[in-house]
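Student: First the structure, then my questions, so here it is.
The values are calculated or read from the model by the stated rules, or taken from the named source; none is laboratory data. Everything numeric here is computed off the predicted structure, so don't read it as measured data. Here the Cβ positions follow ideal geometry from the backbone for every residue, glycine too, while neighbour counts run over all protein chains shown.
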């Protein structure tokens with residue numbers, strides 16, 4: 001069962017050259033959309049340029065776990081990006097360490113989360129997709145979401161050692177998906193769960209194919225691929241296109 005939609009994600013896209021490269025990679029995999037971190041200097045005008053290529057545009061970011069910081073991110077999306085045609089937003093409420101600026105795993109953050117979601121949802125058209133990836137199982141974010149996107153990565157580049165392609169979460173697409181779905185489903189509020197693939201610059205062609213098989217077995221026809229860091233092998237782009 002072929003995927004009916006594919007989204008390629010990116011973290012850093014601050015120059016014309018990086019935007020052109022990203023757009024070429026998105027088209028190379030037959031993407032139907034892109035997901036761009038809101039820190040890019042190319043927003044909001046890049047939205048129209050990707051629309052002109054026939055691609056939907058989602059934005060994503062981890063918002064600071066503070067009232068002011070999270071509201072600033074929500075206002076950016078509501079006031080600057082949605083009026084320019086943004087099609088969706090996927091929030092990434094992380095918690096790397098207790099007390100860190102992105103530590104959403106605290107009860108005091110509940111009102112921040114509610115205000116964040118309300119600001120974006122109130123500004124969005126009915127067709128807008130709001131989602132949650134990674135981070136904590138928060139009822140406030142999950143409840144506002146149309147779909148949930150657990151980061152089902154089976155390989156990564158270890159940021160501490162620099163080791164590329166290190167196996168994580170079981171080391172296979174199926175094991176990573178099983179782990180993430182098991183963790184997220186109890187708190188999902190019956191929202192649609194769409195496992196994300198990553199890090200696609202260090203996985204193998206065969207693993208990408210296995211990821212597609214696993215999605216098909218779940219009845220999921222939407223694929224998300226993290227991230228275009230400029231180092232995705234051509235063979236991996238071709239493997240994603242084949243899904």
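Student: Since residue 27 meets every condition but one in (1) touching a strand residue (DSSP E or B) at 6+ places or on another chain (Cβ under 8 Å); (2) without any contact (Cβ under 8 Å) to a residue 60 or more places away in the chain; (3) under 27 Å from residue 217 (Cα atoms), which condition does it not meet?
Tutor: That leaves (1) as the condition not met.
Student: Identify, from the list 74, 17, the residue that is under 19 Å from the mean Cα position of the chain (by Cα) and farther than 23 Å from residue 239 by Cα. It would help to see each step written out before you state the result.
Tutor: Numbers: 17 fails: under 19 Å from the mean Cα position of the chain (by Cα).
One residue alone meets the criteria, 74.
Each row is one residue, and each column tells you yes or no for (1) modelled with pLDDT of 95 or more; (2) closer than 22 Å to residue 72 by Cβ.
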residue: 132; (1), (2): yes, yes
residue: 140; (1), (2): no, yes
residue: 144; (1), (2): yes, yes
residue: 152; (1), (2): yes, no
residue: 157; (1), (2): yes, no
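Student: Within the stretch 2-15, is there a residue that is in contact with a helix residue (DSSP H, G or I) (Cβ under 6 Å, 6 or more places away or on another chain), at negative phi and in contact (Cβ under 8 Å) with a residue 40 or more places away in the chain?
Tutor: As a first pass, look at the stretch 2-15 and keep what is in contact with a helix residue (DSSP H, G or I) (Cβ under 6 Å, 6 or more places away or on another chain): 8, 10, 13.
Keeping just the survivors that are at negative phi gives 8, 10, 13.
Those left that are additionally in contact (Cβ under 8 Å) with a residue 40 or more places away in the chain: 8, 10.
Looking for residues that are in contact with a helix residue (DSSP H, G or I) (Cβ under 6 Å, 6 or more places away or on another chain), at negative phi and in contact (Cβ under 8 Å) with a residue 40 or more places away in the chain, one finds at least one in the stretch 2-15, hence yes.
Student: List every residue pair whose Cβ atoms lie under 6 Å apart, where the two residues are 6 or more positions apart in sequence or sit on different chains, the first residue falls within the stretch 67-81 and is farther than 18 Å from residue 104 by Cβ, and the second residue, located anywhere, is in a helix (DSSP H, G or I) and modelled with pLDDT of 95 or more.
Tutor: Listed pairs, sorted by first residue: 78/119; 78/120; 78/123.
Student: Taking the condition of being without any contact (Cβ under 8 Å) to a residue 60 or more places away in the chain, touching a helix residue (DSSP H, G or I) at 6+ places or on another chain (Cβ under 8 Å) and closer than 23 Å to residue 98 by Cα, how many residues in the stretch 130-151 meet it?
Tutor: 8
Student: When you look at residue 100, is it at pLDDT below 95 and farther than 19 Å from residue 128 by Cβ, yes or no?
Tutor: Criteria met by residue 100.
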